[in-house]
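Reading through the structure tokens given below for one structure.
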Amino acid sequence: MSPTTTTAPEAAVPERGQADVRTVPHRRRRRFRPRHPGVAFAAWAAAAVFFSPVLWMFLTGFKQESQASTDPPTFFFVPTLDQYRAILGRDFTPYFLNSVSASVFSTILVIILATPAAYALSIAKIPRWRDSLFFFISTRMMPAVAIILPLYIIAKNVGVLDNVTMLALVYTVMNLPIAVWMIRSFLVEVPKEVLEAARIDGATFGVEIRRVILPMIAPGLAATALICFIFAWNEFFFAVSLTATQAATVPVFLVGFITSEGLFWARLSAASTMAALPVIIAGWVAQKWLVRGLSLGAVK
Amino acid sequence: MTTRSRARRTPLALAAMAATLPLLATACAGAGGGGGGDGERTVTIATVANPQMQDIEKLSARFEEDHPDINLDFVILPENELRDRVTQDIATQAGQYDVVTIGTYETPIWAENGWLAPLDEYASDPAYDVDDILTPVREALSYEDTMYAAPFYGESSFLMYRKDLFAEAGLTMPEQPTWQQVADFAAKLDDPASDTAGICLRGLPGWGEVLAPLNTMILTFGGQWYDENWNAKLTSPETKEAVQFYVDLVREHGQPGAPNAGFSECLTAMGQGNAAMWFDATVAASSLEDPKNSKVAGKIGYAPAPVMETEKSGWLWAWSLAIPETSQQKDAAWEFISWATSKEYMKLVGNELGWTRVPPGSRQSTYEIPEYQQAAEAFAEPTLNAIQNVDVRQPGVHPQPWVGVQYVAIPEFQDLGTTVSQEISAAIAGRQSVDEALTKAQRYAEQTATEGGYRK
């Protein structure tokens, strides 16, 4: 989706402006000098605000249930692995494997399908490409709850309820429009001159795609894949509605700790930490690529 | 340079990933999807995450050892998701579940819809001893005198209070307190300086949250939701008095943040010593008496649910196991249900996991086990009495056209109850008066009775 490429730099600009106005208004005349301390502080403060719930979840996972639900909150405690032990006592592996299969399989399928679609909507512009672009995104405008019943009945009649492949296909459909938009925004950035030069050098269509375009948008593809992976990994509504025992994913495993008759925050936090780990690792691995993907617009 | 080398690597790597991962996906689906053939039967159990249910999952290996031909698969979900999932599954005849965990509210409604398999024939097996099940619980789980669900554990409500705080203040809890006495105690024990609320009462919206204690209170004040002819009675003087009493009590001497406090929040407040009294489910006792999670273990006294116009009060709920009509494995499902709700299961839990974790409130014989009597000394007797004192057919002063205490046993009550509970919660938060809340509630209730075709 274009916001990822364009809003990031755009958002940074007004933020810098705001930092100027709010924190150092009297220094306005020095506005051409870089203001690293203020900007850095604002960035760190924003990061801290966004990260604090994650940190709190992580800490809560090491508490006893009674410490996790005190008011005022408990900040100092003797960490315990009781909650993790209890979680591993319930068989986490099948849920984990289901999540990995559904997320990875759907992400690969999305990238394979979205890249040519995006190519047709950017470099080799098909007639009425604007309409098709809008048509793609319009499928995301209907809330999931509106389609769940037909989807459920179709799945039931075809006999694929509680099936990981079915879930992966649903996630593919769910992420496809976003991926088309994102990849298109990367393809638009590929300079025409480069493509023309390649063609003059006698590059066939296949070579043009493989040797010229794919390398240039690879960071963008990585960013798109990561976003699709995260969406698929965290998806709950379809997972809880379409699966039972065989295909249930990690988010479904997580809510199994919520009870109306007892304390559950510590255990739920521990389980959530475990569920978030693969995404954090994937994000960390893709970090270098992501930054490049986000700044791809700088090619111009 | 780097561009060129990446150009070679990326498509290859992608292709390799694309080739291997669908294999992984199918491999997993294959591994998980087995277990069907060769006379082996798989029983899929949909259940809630309450502590006693987690214990069943732990002990299920024992069942599978004794029944080598039956595999158990558990689906554990929060109450509301479970209700949605199971309703969807049964209504569309998908038949994914062989055993479902439901409460006293759903049982008669689902039985009337023809969604549940009758259990009388199964339960008549002398070894199961169906007569051992507590009468009010069995009545609540029956429809037209046929049992449709077997209780896993049952609960009523009682008043939990801090014996030490009462002694310090020179107060004595009567054998059968009235709500007026409870309000007076709450006023005396309310001590913001030491972070101790006079009483903890639920205020969280939800028909299973604030309405459980509130409806119980409405009944003992002589109020009701509907009369025998389904005329809504939420603005009757008795109902108004009860709701006003509840809202005043929780606003003046209740816990801070009352509009957001449900069972869990009150359990925390009471367990951390931040409340002097708590009127709630009898199952709370085993958590409060667990020294690992409670600072007040051993300091709690248990009194019967406070009354006003009726002789006894208290709600009734039982988490129960039922077999959907759509199940293809009804016999195997009953094998599991009869095991999980048997006398032997109680002893198994006691021996394996500890006697305080025995599922309470389902069988008379549980209360005759010496080890249980000893371990649950503080609350076993009050719990049993509370449940046995419930009259599920007429819990209040006036007759009612349904069976059940803290809810109206019609399918529309989930919506109606939730809407009304939001109005009540807003009154507890002080955003509107009790009169305003009840006027709206009355309108919703009238509408429900008319649209549902109940009022003739």
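Miscellaneous remarks
- Of all lysines in the structure, the ones whose alpha carbon falls short of 20 Å from that of B:LYS299, not counting any fewer than 8 places away in one chain, are B:LYS163, B:LYS188.
- Reachable lysines from B:LYS343, criterion Cα separation under 30 angstrom, eight or more residues apart if same chain: B:LYS58, B:LYS292, B:LYS312, B:LYS330
- Protection proxy ranking, highest mean first, for peptides B:231-239, A:162-170: A:162-170, B:231-239, where packing is the per-residue count of other beta-carbon atoms within 10 Å, averaged.
- In chain B, the longest principal axis of the Cα atoms and the axis of helix B:330-340 are about 50 degrees apart.
- By the count of other C-beta atoms within 10 Å, a proxy for reagent exposure, B:VAL392, B:VAL130, A:VAL250 are ordered fewest to most as B:VAL130, B:VAL392, A:VAL250.
- Cβ-based exposure ranking for A:HIS36, B:HIS253, in which fewest neighbours within 10 Å come first: A:HIS36, B:HIS253
- Sum of side-chain charges, B:LEU141 neighbourhood, beta-carbon under 12 Å (Lys, Arg +1; Asp, Glu -1): -3
- For residues of B:266-273, the mean tally of beta carbons on other chains within 10 Å: 3
- Under a 5 Å amide H cut-off, with hydrogens placed 1.01 Å from N, B:THR196 pairs with B:ASP191 among residues at least 5 apart or on other chains.
- Tilt relative to chain B, helix B:179-189 - C-alpha long axis, 0 to 90 degrees, to 10: 90
- Whole-Hz Karplus values for segment B:86-103 come out as 5, 4, 4, 5, 6, 5, 9, 6, 6, x, 7, 10, 9, 9, 10, 9, 9, x Hz, taken residue by residue from phi with 6.51 cos²θ - 1.76 cosθ + 1.60 and θ = phi - 60°; glycine and proline positions read x.
- Cα centre as origin, Lys/Arg/Asp/Glu Cβ charges: chain B dipole, Debye: 2000
- Note: relative contact order over chain A, using C-alpha pairs below 8 Å and six or more positions apart, is 31 percent.
- For segment A:149-253, a simple Cβ point-charge model (Lys and Arg +1, Asp and Glu -1, everything else neutral) yields a dipole of about 120 debye relative to the Cα centre.
- With Cα atoms, 0 to 90° folded angle of helix B:237-253 axis to chain B main axis: 80
- Screening chain A for whole DSSP H helices with an alpha carbon extent of at least 27 angstrom along the helix axis and a mean Kyte-Doolittle hydropathy of at least 0.5 yields A:36-60, A:93-122, A:164-188, A:214-234, A:265-294.
- Projecting the Cα atoms of A:ALA232, A:PHE134, A:ALA270 onto the dipole axis of segment A:86-299, where Lys and Arg carry +1 and Asp and Glu carry -1 at the beta carbon, places A:PHE134 farthest toward the positive end.
- Distant-in-sequence amide H partners of B:TYR153 (H built 1.01 Å from N, under 5 Å): B:TRP319
- Considering all C-alpha pairs of segment A:86-299, those separated by over 25 Å amount to 48%.
- Total formal charge among the other residues, if their Cβ is under 13 angstrom from that of B:ASP66, Lys/Arg +1 and Asp/Glu -1: -4
- Average partner coverage of A:239-247, which counts Cβ from other chains inside 10 Å: 6
- Using the Karplus relation 6.51 cos²θ - 1.76 cosθ + 1.60 with θ = phi - 60°, the per-residue 3J(HN,Hα) values for segment B:405-418 come to 9, 8, 8, 9, 7, 10, x, 5, 5, 4, 6, 4, x, 5 Hz, with x marking Gly and Pro.
- Cβ-based charge dipole, segment A:86-299, positive-most Cα from A:PRO177, A:ASN163, A:LEU187: A:LEU187
- Chain B: relative contact order as a whole-number percent, Cα under 8 Å and 6+ apart: 23
- Cα-based reach from A:LYS192 at 29 Å (exclusive), listing lysines while leaving out same-chain residues under 8 positions away: A:LYS125, A:LYS288, A:LYS300
- Rg and Dmax [Cα atoms of the protein assembly as shown; Å; Rg one decimal, Dmax integer]: 30.2, 99
- Equivalent-ellipsoid semi-axes of segment B:234-366, from the Cα gyration tensor, Å, largest first: 34, 22, 14
- Here the Karplus curve 6.51 cos²θ - 1.76 cosθ + 1.60, taken at θ = phi - 60°, turns the phi angles of segment B:71-82 into couplings of 9, 10, 10, 10, 10, 10, 9, x, 3, 5, 5, 4 Hz, with x standing for Gly and Pro.
- Across the options A:THR259, A:ILE280, B:SER124, the greatest Cα extent toward the positive end of the charge dipole of the protein assembly as shown (unit charges at beta carbon of Lys, Arg, Asp, Glu) belongs to A:ILE280.
- About the Cα centre, charge dipole magnitude for segment A:86-299 (Lys/Arg +1, Asp/Glu -1 at Cβ), debye: 280
- The protein assembly as shown: calculated mean residue ellipticity at 222 nm from DSSP helix runs of at least 4, using -39500 (n - 2.57): -17500 deg cm²/dmol
- For A:144-154, mean number of other protein chain Cβ atoms within 10 Å: 1
- Relative contact order of segment B:95-155, pairs being alpha-carbon contacts under 8 Å that are 6 or more residues apart, as %: 38
- From least to most packed, judged by other beta carbons within 10 angstrom and beginning with the fewest, A:CYS228, B:CYS266 follow the order A:CYS228, B:CYS266.
No value in this document is a laboratory result; all are computed from the given coordinates. As the structure is a computational prediction, the values presented were derived from the model and not from experiment. Neighbour counts run over all protein chains shown; Cβ positions are idealised from the backbone, glycine included.
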